[in-house]
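Everything below concerns the one structure shown next.
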Amino acid sequence: MITGIVFLPLIGALIVGFFGRALGDKVSQIITTGLLMVAAAMSWFTFFDVGFGGNAYTVTVLSWVASGDFIFNWALKVDTLTAVMLIVVTTVSSVVHLYSIGYMHHDKSVPRFMAYLSFFTFAMLMLVTADNLVQMFFGWEGVGVASYLLIGFWFEKPSANAAAMKAFIVNRVGDFGFALGIFLIFVLTGSVEFDTIFAAIPAVADANFVFLGMEFNAITISCLLLFMGAMGKSAQLGLHTWLPDAMEGPTPVSALIHAATMVTAGVFMVCRLSPIFEFSEVALTVVTIVGATTAFFAATVGLTQTDIKRVIAYSTCSQLGYMFFAAGVSAYPAAMFHLTTHAFFKALLFLGAGSVIHAMSDEQNMMKMGGIRKLIPFTWAVMLIGTLAITGVPGLSGYFSKDMIIEAAYAAGSGAGGYAFWLGVIAALMTSFYSWRLMFLTFHGKPRADEKTMAHVHESPLVMTIPLAILAVGAVGFGAVFAGDFIGEGYKEFWGSSIYIAEANNIMKEAKQVPSWVVWSPFIVMVLGLVLAWVIYIKKPGSADKLAKSFSGLYAFSLNKWYFDELYDAIFVKPSFVIGRFFWKRGDEKTIDYFGPDGVAARTKDGSKLASLLQSGYVYHYAFAMLIGVVVFVTWYMLSGMSA
């Protein structure tokens, strides 16, 4: 069954990728969507069989590499951690495929788009079913390629091409660290297979190595390098700049890749490698601090953005920060639970935003929306559900997972845990504010669009609303149904050996024993954020502009995303252009070309032209030339004999 789950999307991608034009749009959509739905159905069966039945297993596909001691197979590892990711990837991918039938209806390259979506799904499934680090890296790079193709799908737009290149390049920075981490793990343990690595780690926990005259703990450096890869793929602070620009791709791409699946690969990787990370307190502290800082940073930027998709993109970046600092305090089950609930409500918000954009004639600026709640009531209702879920309203999915993370950070009792707790609470306040700001600006108040746009506002077709309804069910009920298994008293039985927490670490138990004010703090700030957004955008509509003018410096700082792009442009991009131009002008044109094509080669050509003038075709010219040669030779011979 697992081979079917993994390879059905690949089969669909190959068929439609090579024969899509001949098959046509409809057949291509039916093939890719149908195969994904079959894979999703099998994934849910696997989830219940493995997660609740405890029937973990590994399927060997083929022998992959055998070079000396470097031996491993291409194998599919199926345990609870894998099973959870399977339902996330295939379920979201299925509804995105279905949604795309309506959303991409008028596009001229539908088969290509559907093939890219299916190829991405296959690569992501390869990543989450990996039995070893090399196979994980294969899937890791596969989703990177697919992301590049999908972000730049509308390649006629220069902005889409630039965004695709930015995503690809920034991720290469993180992937360089990931590759080095894999090398170091192999040097330490002699293997890249997870089971062998995990068994060997306790014996090398105190191993050190010397670099540039300094001694470092090998496990800590390995974890930091691996986490560097996670930072790139999951858009953590410093390597986050590609994620907002990735909104240049079609909205279904944003929902599939940049909300629910690829960007969570880093969180999955840290949880999968928990048997390694648990042996490095320093690495876990770094993960906690980076995650908490990212959650705070992205929330501050989301407060002022006007593009509906960019607000949700920064929200994704912020929520990923929550997942990472949960993993950083060893609350891996909470991180994975939030990953799963987030997949449902964030995909719902992205696809809901796509429905709004579809209704508003491709308008994405919230400042040009408003007053459309009654015109697209279903879209409003499902986005309301998504907003309630992400802000942590009790009873909905986000409440169970995000509150658990905040409580776990407090329960950690460390400096990094306290830092994460307070930034997490503040980020929850801002999350509530910008989420309700989005709802109020988009659906409520007076219409700010022109009459022509408002005249064409309409609800999306059934093929787009059915996926929204499916995701809404997940956003409402998944948390309540599965909280007990994922993070409740029986979490150890549910996760089994797929997640490792040190025996002395009781973080999951202690998180349920925190003071009541800690438990209530996310709810209080959620309500406060709602009230603030309502006052500013509904009760006193003009107050937002006044606040922006009163705090112009902070407003500009948030609106310009803390000036990270400008900073990187000054530090990396412009110097790279200067160096490139120097080697182009000085190195290529004035050195290589000057002495090469324009130098020796040109003089050789000139000499050959002069030599060709001697070829007149007259015998007496050649005889005269021979006579001159004889005279020169005899003269040289005589002079050299005299000197001797």
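Tabulated data for the structure shown
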item: Where G599 falls short, out of the listed (1) surrounded by fewer than 12 Cβ atoms within 10 Å (Cβ to Cβ); (2) modelled with pLDDT under 85; result: (1)
item: Residue in region 499-519 that is assigned to a loop (DSSP other than H, G, I, E, B) and farther than 30 Å from A327 by Cα present; result: no
item: A353 modelled with pLDDT under 95, surrounded by 23 or more Cβ atoms within 10 Å (Cβ to Cβ) and out of contact with any Leu (no Cβ under 8 Å at 6 or more places or on another chain); result: yes
item: Helices (runs of 4 or more DSSP H) contained entirely in region 359-448, each with at least 2 residues that are of a type outside the set (D, E) and closer than 26 Å to T285 by Cβ; result: 397-411, 415-443
item: Within region 153-172, considering residues that are free of Cβ contacts under 8 Å to residues at least 60 places away in the same chain and not in a helix (DSSP H, G or I), the one farthest from the chain's Cα centre (by Cα); result: E156
item: Where a residue in region 304-315 is in a loop (DSSP other than H, G, I, E, B) and its partner, wherever it lies, is of a type in the set (S, T, Y), with Cβ under 7 Å and at least six apart; result: T304/Y555; T304/S558; Q305/Y314
item: T33 vs. criteria in contact with a strand residue (DSSP E or B) (Cβ under 9 Å, 6 or more places away or on another chain) and either closer than 14 Å to L98 by Cβ or part of a helix (DSSP H, G or I) (or both); result: no
item: Single unsatisfied condition, V65 versus (1) outside any helix (DSSP H, G or I); (2) under 24 Å from C271 (Cα atoms); (3) of a type in the set (A, V, I, L, M, F, W, C); result: (2)
item: The one condition in (1) modelled with pLDDT under 95; (2) outside the structural domain of G490 (by TED's automatic domain parsing) that A326 fails to fulfil; result: (1)
item: Selection count where residues are of a type in the set (V, I, T) and either surrounded by fewer than 18 Cβ atoms within 10 Å (Cβ to Cβ) or not in a helix (DSSP H, G or I) (or both), scope region 1-30; result: 4
item: Pairs with Cβ under 7 Å, 6+ apart, first in region 455-470 and touching a residue at least 60 places away in the same chain (Cβ under 8 Å), second assigned to a loop (DSSP other than H, G, I, E, B) and buried (at least 19 other Cβ atoms within 10 Å of the Cβ); result: V457/M360; V457/I372; V457/I376; E459/I376
item: Some residue of region 290-303 being of a type in the set (S, T, N, Q) and either free of Cβ contacts under 8 Å to residues at least 60 places away in the same chain or in contact with a Pro (Cβ under 9 Å, 6 or more places away or on another chain) (or both); result: yes
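Let's see how each residue does on (1) of a type outside the set (G, A, S); (2) surrounded by fewer than 20 Cβ atoms within 10 Å (Cβ to Cβ); (3) within 30 Å of the chain's Cα centre (by Cα):
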site	(1), (2), (3)
G174	no, no, yes
D195	yes, yes, yes
F211	yes, yes, no
S222	no, no, yes
F227	yes, no, yes
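Residue-wise test of (1) outside the structural domain of L530 (by TED's automatic domain parsing); (2) among the hydroxyl-bearing types (S, T, Y); (3) at pLDDT below 95; (4) buried (at least 22 other Cβ atoms within 10 Å of the Cβ).
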site: A334; (1), (2), (3), (4): yes, no, no, yes
site: K374; (1), (2), (3), (4): no, no, yes, no
site: A381; (1), (2), (3), (4): no, no, no, no
site: A408; (1), (2), (3), (4): no, no, no, yes
site: A412; (1), (2), (3), (4): no, no, yes, yes
site: I426; (1), (2), (3), (4): no, no, no, no
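The values are calculated or read from the model by the stated rules, or taken from the named source; none is laboratory data. Keep in mind it's a predicted model, so treat the numbers as computed, not measured. Cβ atoms come from the backbone with ideal geometry, glycine included; neighbour counts cover every protein chain shown.
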